[in-house]
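The values are calculated or read from the model by the stated rules, or taken from the named source; none is laboratory data. Since the structure is predicted, the reported quantities are computational estimates derived from the model, not experimental observations. Ideal geometry is used to build each Cβ from the backbone, glycine not excepted, and the neighbour counts take in all protein chains shown.
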């Protein structure tokens, strides 16, 4: 599909992602950094927001080394006031609203069943993965709607529909991002603002290493990453192309597409089978 999207993208008149005034959260590493670099490669100017100031500045340096323009901002997306400040900074630096918003900042969490997770971990995961996207959409969507043109990319995960055991907070947060994106796409239909939600499985980033994940789950994720993980650069480019083409769902891998269709057409057998399968997988 994405090879076709790359070809079709060249036929799009005045694509949103070319020469964009963009803000990317979680731009200091992983998929967020790849989004920032690809947007800059397409001639855009990027506000690189990240909770880690050093990483945000590193992304800006990479963009500037390639002749682009970017700005580093330190932001905790779980903090509504901090995202309000980001929105104000973005409007100032662009002398108007952005034309592209990528709500990417997120964290990994997994390895414990519901009941053993702890409310602190639930609040941490939902605060960043879900509320961070809510804050971004609440503050930036009205700007883009008023401008009458632009795009919003929300980074979810195949976990949002896969419902894998021992990943409760992560699954719930990403399912929420999917539902929010669907709602926003309906609300913005006909406004000139496109919405896409990215739902990958394994992408070669440090989200598992940096998250709150048990060693057994971290080892399993590392193995699956080696077997099926794809480049964040490719994911970013594919997603930007999909946004220009008006695609809501961006499911970039075969395994994610298989899971998507199994869950939709055979929901009960899928969930029960997944539960039985995880019981026989090694836990450490």
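Considering each residue of region 32-56, count those that are without any contact (Cβ under 8 Å) to a residue 24 or more places away in the chain and surrounded by 20 or more Cβ atoms within 10 Å (Cβ to Cβ), and give that number.
Initial filter on region 32-56 (without any contact (Cβ under 8 Å) to a residue 24 or more places away in the chain): 53.
Remaining after also requiring surrounded by 20 or more Cβ atoms within 10 Å (Cβ to Cβ): none.
Residues that pass the stated criteria total 0.
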* Asked: What is the number of the single condition among (1) surrounded by 16 or more Cβ atoms within 10 Å (Cβ to Cβ); (2) over 17 Å from the mean Cα position of the chain (by Cα); (3) outside any helix (DSSP H, G or I) that residue 63 does not meet?
  -> (3)
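Hey, among the residues in region 91-106 that are in a loop (DSSP other than H, G, I, E, B) and in contact with a strand residue (DSSP E or B) (Cβ under 6 Å, 6 or more places away or on another chain), which one's farthest from residue 143 (Cα to Cα)?
In the first step, residues of region 91-106 are kept if they are in a loop (DSSP other than H, G, I, E, B); the result is 94-99, 104-106.
So of that shortlist, the ones also in contact with a strand residue (DSSP E or B) (Cβ under 6 Å, 6 or more places away or on another chain) come out as 94, 98-99, 104-105.
Working: 94: 12, 98: 8, 99: 9, 104: 18, 105: 20 Å.
Per the criteria, the residue is 105.
What number of residues in region 136-167 are part of a helix (DSSP H, G or I) and more than 25 Å from residue 18 (Cα to Cα)?
4
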* Structure fact -> Of the listed residues (150, 136), the one being at positive phi, at pLDDT 95 or above and buried (at least 24 other Cβ atoms within 10 Å of the Cβ) is 150
* Asked: How about region 178-193: which of its residues are free of Cβ contacts under 8 Å to residues at least 60 places away in the same chain and either part of a helix (DSSP H, G or I) or buried (at least 20 other Cβ atoms within 10 Å of the Cβ) (or both)?
  -> 178, 179, 180, 183, 184, 186, 187, 193
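Residue 214 - would you say it is touching a strand residue (DSSP E or B) at 6+ places or on another chain (Cβ under 8 Å), farther than 26 Å from residue 41 by Cβ, surrounded by fewer than 19 Cβ atoms within 10 Å (Cβ to Cβ) and at pLDDT below 75?
Values: touching a strand residue (DSSP E or B) at 6+ places or on another chain (Cβ under 8 Å): yes; farther than 26 Å from residue 41 by Cβ: yes; surrounded by fewer than 19 Cβ atoms within 10 Å (Cβ to Cβ): yes; at pLDDT below 75: yes.
Spelling it out, residue 214 is indeed touching a strand residue (DSSP E or B) at 6+ places or on another chain (Cβ under 8 Å), farther than 26 Å from residue 41 by Cβ, surrounded by fewer than 19 Cβ atoms within 10 Å (Cβ to Cβ) and at pLDDT below 75.
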* Asked: Somewhere in region 72-82, is a residue touching a residue at least 24 places away in the same chain (Cβ under 8 Å) and farther than 23 Å from residue 47 by Cα?
  -> no
* To do: Report, by residue number, each residue of region 235-256 that is modelled with pLDDT of 95 or more and in a helix (DSSP H, G or I).
  => 235, 236, 237, 238, 239, 240, 241, 242, 243, 244
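Out of all the residues in region 40-57, which are in contact with a helix residue (DSSP H, G or I) (Cβ under 7 Å, 6 or more places away or on another chain) and in a helix (DSSP H, G or I)?
Residue satisfying the conditions is 40 alone.
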* Asked: Can you find even one residue in region 194-209 that is at pLDDT 95 or above, farther than 19 Å from residue 253 by Cα and not in a helix (DSSP H, G or I)?
  -> yes
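Do the conditions hold for residue 88, that is, is it over 23 Å from residue 244 (Cβ atoms), out of contact with any strand residue (DSSP E or B) (no Cβ under 9 Å at 6 or more places or on another chain) and either free of Cβ contacts under 8 Å to residues at least 12 places away in the same chain or not in a loop (DSSP other than H, G, I, E, B) (or both)? Spell out how you get there, then give the answer.
Numbers: over 23 Å from residue 244 (Cβ atoms): yes; out of contact with any strand residue (DSSP E or B) (no Cβ under 9 Å at 6 or more places or on another chain): yes; either free of Cβ contacts under 8 Å to residues at least 12 places away in the same chain or not in a loop (DSSP other than H, G, I, E, B) (or both): yes.
Against the criterion (over 23 Å from residue 244 (Cβ atoms), out of contact with any strand residue (DSSP E or B) (no Cβ under 9 Å at 6 or more places or on another chain) and either free of Cβ contacts under 8 Å to residues at least 12 places away in the same chain or not in a loop (DSSP other than H, G, I, E, B) (or both)), residue 88 qualifies.
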